[in-house]
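A.B. asks: Have a look at this one.
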Amino acid sequence: QFRTSKGVLIDYAHYDRGSDISIVFINGWGTTHTSEWAAQTNLPFNLLFHNSRGMGTSTIDNDPYLDAAAKDVSELVRYLGLVSAHYVGHSMGGLVFARFNRSYSEGLDVRSASLVCSPAGNPLTTFPLRRIIPNDVSSILRSFEGGFLGLAAGTVSNAKALRSLAHLATRGGGVMLDSDSFADLYRNFLTNRRGVVAALESMIALGDQVATDFSHISSPALVVSGRRDFFVSPAATSAILGRISGAQHFIFDDATHAPMFESPDGFNRLLAQFVVESHGVSGTFPTPR
């Protein structure tokens, strides 16, 4: 664990493989790096994964989540001496990276940015099925406190039928996880309700403001989408592409909201090729068909 200047403890895993290339991964909402980036740990580079504040055993304070999480990234990479690195942000991690890049990267060499299924601001405003009032999350928050999600917290890991049903609903809703991986994420989601709620509230309150930071990305950028993404609409992706000059775009036809573990081999080839090319060295990483 690393302790930030504000006293927050951040879980991290650093793979130092003696490579000239380092990649920093930033998690999405309510996830842990051990499940979210499991398929990327075998990439042949120096790799840094961490659990955002309030997730896993990372702690949390009362600072506004998106800005604080961006500052956490800055302090962690400086602590580990990763002055020059490529960055990959998934979902909410795209917003965290955008704020980090604009406000907390001074003196750091951001070699490239890969944004995977990132929202273009407040995620509720571009949710493909807009039955949720964009700025009203009261029903979502109530579900954590005495509602179905709260009641399920103590049983999901033991009730096989419940886990299977929840897994099926999630697969239909846009994330193709196996049942055990889903259970691990679900337990983290429910155990760390304070962090999950703080992150959601921050995305709703500050997401549109933070999204203006995408226009400040000047390094080579890759935007990755899932054709069947349930959470991020094509309009949101188009908005991001419109703000990042020269950004490349790749769509995984069979993926939903998490191509890094839904299409891991193709994702790893794509990311490796992009990072190697952005770094200005030759590589033998064929891009996926």
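A.B. asks: Considering only the range 252-261, I want to know if a residue exists there that is among the acidic types (Asp, Glu), open to solvent by less than 30 Å² (accessible area, probe 1.4 Å) and touching a residue at least 24 places away in the same chain (Cβ under 8 Å).
C.D. replies: Checking the range 252-261: not a single residue is among the acidic types (Asp, Glu), open to solvent by less than 30 Å² (accessible area, probe 1.4 Å) and touching a residue at least 24 places away in the same chain (Cβ under 8 Å).
A.B. asks: Looking at the range 186-207, which of the residues that are part of a helix (DSSP H, G or I), at pLDDT below 85 and polar (S, T, N, Q) is farthest from residue 246 (Cα to Cα)?
C.D. replies: Among those that are part of a helix (DSSP H, G or I), at pLDDT below 85 and polar (S, T, N, Q), it is 191.
A.B. asks: When the residues of the range 76-109 are filtered to those that are without any contact (Cβ under 8 Å) to a residue 40 or more places away in the chain and more than 20 Å from residue 11 (Cβ to Cβ), which remaining residue is most open to solvent (accessible area, probe 1.4 Å)?
C.D. replies: By that ranking, first place goes to 106.
A.B. asks: Filter the range 15-62 for residues that are among the aliphatic types (A, V, I, L, M) and part of a strand (DSSP E or B); which is surrounded by the fewest Cβ atoms within 10 Å (Cβ to Cβ)?
C.D. replies: The qualifying residue surrounded by the fewest Cβ atoms within 10 Å (Cβ to Cβ) is 48.
A.B. asks: Here is a follow-up. I'd like to check something: does the range 23-38 contain any residue that is among the hydroxyl-bearing types (Ser, Thr, Tyr) and at pLDDT 95 or above?
C.D. replies: Taking every residue of the range 23-38 in turn, none turns out to be among the hydroxyl-bearing types (Ser, Thr, Tyr) and at pLDDT 95 or above.
A.B. asks: Can I ask one more? Here's a check for you: in the range 7-32, which residue that is out of contact with any helix residue (DSSP H, G or I) (no Cβ under 8 Å at 6 or more places or on another chain) and either in contact (Cβ under 8 Å) with a residue 40 or more places away in the chain or not polar (S, T, N, Q) (or both) is nearest to residue 84 (Cα to Cα)?
C.D. replies: So, considering only residues that are out of contact with any helix residue (DSSP H, G or I) (no Cβ under 8 Å at 6 or more places or on another chain) and either in contact (Cβ under 8 Å) with a residue 40 or more places away in the chain or not polar (S, T, N, Q) (or both), the one nearest to residue 84 (Cα to Cα) is 22.
A.B. asks: Let me ask something else. Can you find a residue in the range 29-41 that is under 16 Å from the mean Cα position of the chain (by Cα) and among the acidic types (Asp, Glu)?
C.D. replies: There is at least one residue in the range 29-41 that is under 16 Å from the mean Cα position of the chain (by Cα) and among the acidic types (Asp, Glu).
A.B. asks: In the range 65-105, what residues are touching a Lys or Arg at 6+ places or on another chain (Cβ under 9 Å), of a type in the set (A, V, I, L, M) and part of a strand (DSSP E or B)?
C.D. replies: Passing the criteria: only 85.
A.B. asks: Of the conditions (1) of a type in the set (A, V, I, L, M, F, W, C); (2) farther than 26 Å from residue 59 by Cβ; (3) assigned to a helix (DSSP H, G or I), residue 210 fails just one. Which one is it?
C.D. replies: (2)
A.B. asks: For residue 134, all conditions in the list (1) open to solvent by 10 Å² or more (accessible area, probe 1.4 Å); (2) under 30 Å from residue 3 (Cα atoms); (3) at pLDDT below 95 hold save one; what is the number of the exception?
C.D. replies: Just one mismatch for residue 134, condition (2).
A.B. asks: Across the range 63-75, which residue is farthest from residue 13 (Cα to Cα) among those that are touching a Ser or Thr at 6+ places or on another chain (Cβ under 8 Å) and surrounded by fewer than 19 Cβ atoms within 10 Å (Cβ to Cβ)?
C.D. replies: Ranking the candidates gives 64 first.
A.B. asks: For residue 231, only one of the following conditions fails: (1) open to solvent by less than 70 Å² (accessible area, probe 1.4 Å); (2) under 21 Å from residue 37 (Cβ atoms). What is its number?
C.D. replies: Every listed condition holds for residue 231 apart from (1).
The values are calculated or read from the model by the stated rules, or taken from the named source; none is laboratory data. Since we're looking at a predicted model, the values are computed, not measured. Note: ideal-geometry Cβ built from the backbone for every residue, glycine included; neighbour counts use all protein chains shown. The protein model used for the area step is the full one, side chains on, heavy atoms only, and it has no ligands, DNA or RNA in it. Shrake-Rupley method; radii C 1.70, N 1.55, O 1.52, S 1.80 Å.
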